[in-house]
Every structure is written in C-alpha cells, then in structure tokens.
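Enquirer: So that we are looking at the same thing, I have put the structure below in structure tokens.
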Amino acid sequence: MQVVLDYLKRNQARFVAELCAFLRFPSVSAQAQHKRDMLACAEWLAEHCHHIGLDARVCPTHGHPIVLAKTPRTRSLRKPHFMVYGHYDVQPPEPLDLWKSPPFAPRIHGRSLFARGACDNKGQHFAHLKAVEAYLKTRTALPCDLTFVIEGEEEVGSANLAKFLKSHRRELVCDAVVVSDTGMPDVDHPALTYSLRGIISFEITVHGPSRDLHSGIFGGALDNPAMALCQLLASLRDKNGRVAIPGFYNGAAPLSAYERRQFKRLPITPAELQKLIGVKKLFGERGFTPMEQRSARPTFEINGLTSGYQGTGGKTIVPAWARAKITCRLVPNQKPARIRKIVCDHLRKICPPTVRLVIEDGHGTEAYLVSPKSPQAQAALRALRKAFNREPVLLREGGSIPIVNDFKKVLGADTLLLGLGLPEDNAHSPNEKFDLDCFENGQRMSALLWQELSRSV
Ligand SMILES: [Zn+2]
C-alpha cells in the first residue's frame, strides 16, 4: 500500500498539469454552442482513463455522452465492486467580467487552482482517477473492481442517467457508489455526508375577480386575492417555527443522540452562521440547533410571491390573482407523494370561499439516508481519518441529489458522499477554485478507501 501512496506523492505536479488540461475544455452542458466541446472533453477523459490502464469508452446518450471506465477484471475470483460517479460538465461561467482570470484558462495561486469546473466536479473525480492510476501503475493489486461513470448532464438535471443505469445495469450493479461532489466544512474537517433532504415543489394561485379592479370603486366589497394568499400562507407556520399542517411531521425520521452529538462537532457556531447569511437574528423550529434545522428537519418555504402591480409608482387596484412558488424540504421517511397530498388537501380545506385556489404540481425527490454506523460508512470514515490525518465529521446535507435515489433503486447500492469541496470554492460562481491540498488528500483518501471498503463488504 505504501508504494501506492508514494506514487501519489511523487506525481503531484504532473497530476495538477493533467487536471489543468481537463479544465481547459469549456464543457458547458447547458449551452448549445458547446456541444462539440462536450464531446471533445468526454473523448479526452476516456483517452486519459485508457492511458492510466482502465478499459474506457464514450457512451452516447440522447444528450451528452457518458464516459464509462473500468479496472481490468480478473475473471477467476469474485471481488467487491464499487462505482465512482462524477460529472465532466460544468456550469455556465457567466458573468465573465467577474472572473479574475478566464474560466477555461486554469490559474494556480498558492494552493488554489482557479477554473470553471475545478471543484464542481472535474477536480474531485479526477482525484479518484489518480488513486486508481497509482494502483495500476505500481502493479499493486486492487482489493476490488471499480467502475467510473462520469456523465455530462449533471448540471442540467441528469435527464439520461437513470436510463443509462437501467440499460447497463448488469455491468454497473455494485456494492456501493462513491461520489465526491459535496463539501467539507473546512480543510481541517474531512466529511462524510450520510443524508440528503428530499423536496417537493408546487405553485399555488389564488384567483379573485375576473380582472384587476379599481380599488376605490370596488375595494371593500370583495376579497383581495393577495391578502387571502398571505393569510393562507401565514397560517402554515406557528410561532415556534413548526409547519402547521396536520400530519406534516408524521413518520419524519428523528435524529438519534449519536447524530446530535455529531452535529455539535461541526466547526460553525450559530453566531457565525447568522453573520454568513446576513440576517438580523436566526429563526427556526424550536428544539433544534440551526445546523439541525437546515439539514435534518423538514421545511415549508415560499420561494416566490407575486401579485398585482410591480412597476414604479402606484396603481390603485384589487389584483385579479396572487401566486406563490413553494418548496418543502423533506427528511427521510417523508414520502413526497404523501406530503404533497396532505399539503394540498390542507390548503383546499382552509381556502376561503371568496377566492378560487389552483395548485400546480412541480418536481419531487425523496430524502436519502445511509446509516452513519453502517460498515460502509465506518469504512469511509476510517479512510478519511487516515488520508487527512484529522477526525472526520458527519454531515447531513440540506439539499437534494436525485441521482442518489436512482443508484439505490436501479443498482441496489448505497452512496457514500465524500465531498472534497470547500465552502469558499465558489462552485457555480465566478472564480471557482479547487484546493490542491483537498486534491492530494482526496487521492489518498480514495486509495485507502478501496482497502477499507473492500474489508467492509
Ligand atoms: Zn454543480
């Protein structure tokens, strides 16, 4: 094993140069003018995988291609099989004038490598590729088979991934999926993310009069849709910050004492959080810390609120309608379809007869949880501890990563989220960067992970 770690140490300069070559492709999946860059990037990646000793191919989809790469298989003995998922597509770099150097001309300053896609996600999955290269080039036997699935549509919703997983199910079925596309709180706190929140979204419209009306001539004799909507929405949260919809919390997975102890170890205080988000005072569900509220508790949020006249000056009307865009974040055991039904039923029940309510359904995704005490999670924590030489933290992520549910449904595998990104890496923002220490530690973590994980199967 030491020979693998030595190889990684010796080759850092070359690895960084190779990552820079990868970052020079403007692989922006959302922009049609980059279709050829996407293909060129996928082909470069497959060629690179081939060069380090993997069997690699570019698989076309209805959208951008997927790069599939595998360690050479030894038929004689059955080894554990793990899949590494990543994405070579990147977010649009605009607005360009806010970049200190061009987004597709990688620049190194200190231990930071600046480029669009450096952190999200090229640098992160490249760390895993370098770890497997170290095994293959030093002829060190891998304790497992590995398959890399690097897609090109993550930033535009992964529309073709589930289909790809289904059609390649036989070669992709595995013992666990490893994804490095989340974050760690800071360089001293490597992290395993073991839970994600789910989501449901919808749009509610309250209709009043058949047209905007003169508020002087008619106002007072009819319900105001904006007011009706505000009253409706305001009744959905009580003064303790709890969602006031009967049944909303039924079955929601509670936090264990172990998890709550883990939350306490996170290197951010409520005061720091308050400063970071720029609010006068924090607010959340009573009985939970802000860190628990933002990742382990369900929410009901208004994302947008529109009604009446929005231009300059005034306009004396009773608006014809009012609309709100809503999302609920869900925790494990809250089924999206059930929550959607109880929210909609409740809204219809409390809507006054003076207005007409229309609810339009949006997307939904289930929450995700892999027990932090499971053998695989514990194996990942050991690899993190050894690679970073620090005690790792356990994270619950407040956001949603829908593909993780597909891995479970289609491949039957849990996902270990071992993110190498830092909060200040500017993912999706101008001046995105990747920390080269995270890159190097990530390679070591990956190399150690295959040993630890294989023992856990
Ligand atoms: Zn992203």
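The values are calculated or read from the model by the stated rules, or taken from the named source; none is laboratory data. Note that this is a predicted model, so its numbers are computed, not measured. Neighbour counts are summed over all protein chains in view; Cβ atoms, including those assigned to glycine, are modelled from backbone coordinates with ideal geometry.
Enquirer: Return a yes/no flag: does region 166-182 have any residue that is modelled with pLDDT under 95 and over 21 Å from THR147 (Cα atoms).
Expert: The answer is no, given that none of the residues of region 166-182 is modelled with pLDDT under 95 and over 21 Å from THR147 (Cα atoms).
Enquirer: Applying the selection to region 88-138, what residues are under 14 Å from CYS49 (Cβ atoms) and within 16 Å of the ligand (Cβ to nearest atom)?
Expert: If the condition is that a residue be under 14 Å from CYS49 (Cβ atoms) and within 16 Å of the ligand (Cβ to nearest atom), then TYR88, LYS122, HIS125, PHE126 are the ones that fit.
Enquirer: Any residue that is among the basic types (Lys, Arg), surrounded by fewer than 14 Cβ atoms within 10 Å (Cβ to Cβ) and not in a helix (DSSP H, G or I) - is there at least one of those in region 232-249?
Expert: Keep residues of region 232-249 that are among the basic types (Lys, Arg), which gives 237, 239, 242.
From what is left, the residues that are surrounded by fewer than 14 Cβ atoms within 10 Å (Cβ to Cβ) are 239.
Now restrict to residues that are not in a helix (DSSP H, G or I): 239.
Looking for residues that are among the basic types (Lys, Arg), surrounded by fewer than 14 Cβ atoms within 10 Å (Cβ to Cβ) and not in a helix (DSSP H, G or I), one finds at least one in region 232-249, hence yes.
A quick yes/no check of all residues on (1) over 21 Å from GLY157 (Cα atoms); (2) surrounded by 14 or more Cβ atoms within 10 Å (Cβ to Cβ); (3) at pLDDT 95 or above; (4) among the acidic types (Asp, Glu):
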{"site": "PHE15", "(1), (2), (3), (4)": "yes, yes, yes, no"}
{"site": "PHE25", "(1), (2), (3), (4)": "no, yes, yes, no"}
{"site": "GLU43", "(1), (2), (3), (4)": "yes, yes, yes, yes"}
{"site": "ALA46", "(1), (2), (3), (4)": "yes, yes, yes, no"}
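Enquirer: Scan region 296-319 and tell me whether some residue there is closer than 30 Å to VAL149 by Cβ and either basic (Lys, Arg) or touching a residue at least 24 places away in the same chain (Cβ under 8 Å) (or both). Spell out how you get there, then give the answer.
Expert: First pass over region 296-319, keeping only residues closer than 30 Å to VAL149 by Cβ: 296.
Still in the list and also either basic (Lys, Arg) or touching a residue at least 24 places away in the same chain (Cβ under 8 Å) (or both): 296.
Checked region 296-319: at least one residue is closer than 30 Å to VAL149 by Cβ and either basic (Lys, Arg) or touching a residue at least 24 places away in the same chain (Cβ under 8 Å) (or both).
Enquirer: How do the pairs read when you match residues in region 333-356 that are under 17 Å from ALA367 (Cβ atoms) and touching a residue at least 60 places away in the same chain (Cβ under 8 Å) with residues anywhere that are assigned to a helix (DSSP H, G or I) and of a type outside the set (A, V, I, L, M, F, W, C), using Cβ under 7 Å and keeping only pairs 6 or more apart or on different chains?
Expert: none
Enquirer: For region 366-447, which fully contained strands (runs of 3 or more DSSP E) count at least 3 residues that are more than 16 Å from the ligand (Cβ to nearest atom) and within 17 Å of THR193 (Cα to Cα)? Spell out the reasoning first.
Expert: Details: elements: 393-397, 414-417, 433-435.
Hits in region 366-447: 393-397, 414-417.
Enquirer: For the subset of region 1-29 comprising residues that are among the hydroxyl-bearing types (Ser, Thr, Tyr) and not in a helix (DSSP H, G or I), which member is farthest from ALA447 (Cα to Cα)? Please lay out each step first, then the result.
Expert: Filtering region 1-29 down to residues among the hydroxyl-bearing types (Ser, Thr, Tyr) leaves 7, 27, 29.
Filter again for not in a helix (DSSP H, G or I), leaving 27, 29.
Numbers: SER27: 28, SER29: 30 Å.
So, considering only residues that are among the hydroxyl-bearing types (Ser, Thr, Tyr) and not in a helix (DSSP H, G or I), the one farthest from ALA447 (Cα to Cα) is SER29.
Enquirer: List the pairs whose first member sits in region 1-21 and is among the hydrophobic types (A, V, I, L, M, F, W, C), whose second member is assigned to a loop (DSSP other than H, G, I, E, B), and whose Cβ atoms are under 8 Å apart, counting only residues at least 6 apart or on separate chains?
Expert: MET1/THR140; VAL3/THR138; VAL3/THR140; VAL4/THR138; VAL4/THR140; LEU19/PRO106; CYS20/PRO106; CYS20/ALA115
Enquirer: Moving on to the next point. Being polar (S, T, N, Q) and in contact with a Phe, Trp or Tyr (Cβ under 8 Å, 6 or more places away or on another chain) is true for just one of SER295, SER307. Which residue is that?
Expert: Working: SER295 fails: in contact with a Phe, Trp or Tyr (Cβ under 8 Å, 6 or more places away or on another chain).
The unique qualifying residue is SER307.
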